[in-house]
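The values are calculated or read from the model by the stated rules, or taken from the named source; none is laboratory data. Everything numeric here is computed off the predicted structure, so don't read it as measured data. Cβ placement follows ideal geometry from the backbone for every residue including glycine, while neighbour counts extend to all protein chains displayed. Protein only, heavy atoms only, side chains kept; ligands, DNA and RNA dropped before computing areas. Shrake-Rupley method; radii C 1.70, N 1.55, O 1.52, S 1.80 Å.
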Amino acid sequence: MTIYRSSVQTAGVTDPDSYLPLPQTQFHVLVSLTAGERHGYAIMQDVEASSSGLVRMGPATLYGTLKRLVDDGLAEELAHRRGPDDDQRRRYYRLTGLGQRVCAAEANRLAGLVRITRANLRPGTA
Amino acid sequence: MSAPHPIYHTLVRLYPKAFRDAYGADLVQHFDGLVADRGVRAAWGRTALDLAVTLPRYRLETIMNERHSANTISIVIGVVVAAGIATLLVDVGIYLSPLLLIVALVLAVLQRSAIARALRAADSDGRRRRLRTAAVLGVVFVASFVAYLLLIGDTWTTRETVLAIIGNAAMIGAVGFLAAGLLTPRTSERHHPNGTM
């Protein structure tokens, strides 16, 4: 049985839209966690790869962001490691149900902006 | 926590204690990984900027968190109580007390709305009860003060004396319960010691 550390939920806040817009670093970390459980270093590598190297998070920025996400109930830390092959010294994190909904809501918000931008910047519309 | 990179290990100590206790080992391990993967220069290039940005930010957040707000409020509350006691001796005290009470409340609101959050959060029953009692006594104090201002005349009568006694007792009680409520540990703090940065 996997046991998760308790997280401090933001009192009564379960509406994903109330978290939007997400700070860029939080969204990048959440996007990384959509692929599954990750430890901090792997999240940093994911974020760097998915942003083509544009977003480079330092250690304290990364763990400060993870702390905020855990405190807000968007991510949670696994008390037990996934398997014997994983680094037992590292702490793993995963999305909560609320975290998944918030991440999806932010993605929809950004997708809407992208649609508007593309429509406005279509060749010949300027 | 091993210290293969003593300079970074030392710098991590500058972060607030709660953050350091929760993530200090991860920070050092993360830095080790950066050095191993990308070399010392690249690791420091990324980490130096990270330190410069996050150290003051996390320190500031610590100053602004609820526990520190409660400490600040407690100091102001002490001044308010002293002013309330002075009211019994000097007539001008009754004008000073509400002003200081307002200052205390403004401080509480500015510092991340500690009172509002305490009332909203899933706190212990004792904490909620004390804060609600403080709110009720605060209303009594304000009402008696307004009544005092409306009824005050050229001469000091029994009516003003009674209002002054009720108002001061309510004010002292309100700040006492407010301090007790804010200083009562939240349920979440007892179960989650890393709740503050």
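Some points to look at:
- In this simple spin-label approximation, B:Leu150 and A:Leu54 carry label points 7 Å from Cα along the Cα→Cβ vector, and these lie 6.2 nm apart.
- Rounded to 0.05, the FRET efficiency of the B:Ile165 and B:Arg132 pair, given R0 = 30 Å and the Cβ-Cβ distance, is 0.80.
- Label-reachable residues, segment A:58-73, where backbone N falls under 16 Å from a point 7 Å from B:Leu49's Cα toward its Cβ: A:58-62
- Model label points for A:Leu20 and B:Val139, set 7 angstrom from Cα along the Cα-to-Cβ axis, are 3.8 nm apart.
- Between the beta carbons of A:Ala104 and B:Thr10, assuming R0 = 41 Å, the FRET efficiency works out to 0.45 to the nearest 0.05.
- Within 10 Å of each Cβ in B:24-30, the average number of Cβ atoms from other chains: 6
- Accessible area that becomes buried as B packs against A, both chains, 1.4 Å probe, Å², nearest 100: 2200
- Take each residue of peptide B:52-62, count the partner chain Cβ atoms within 10 Å of its Cβ, and average: the result is 2.
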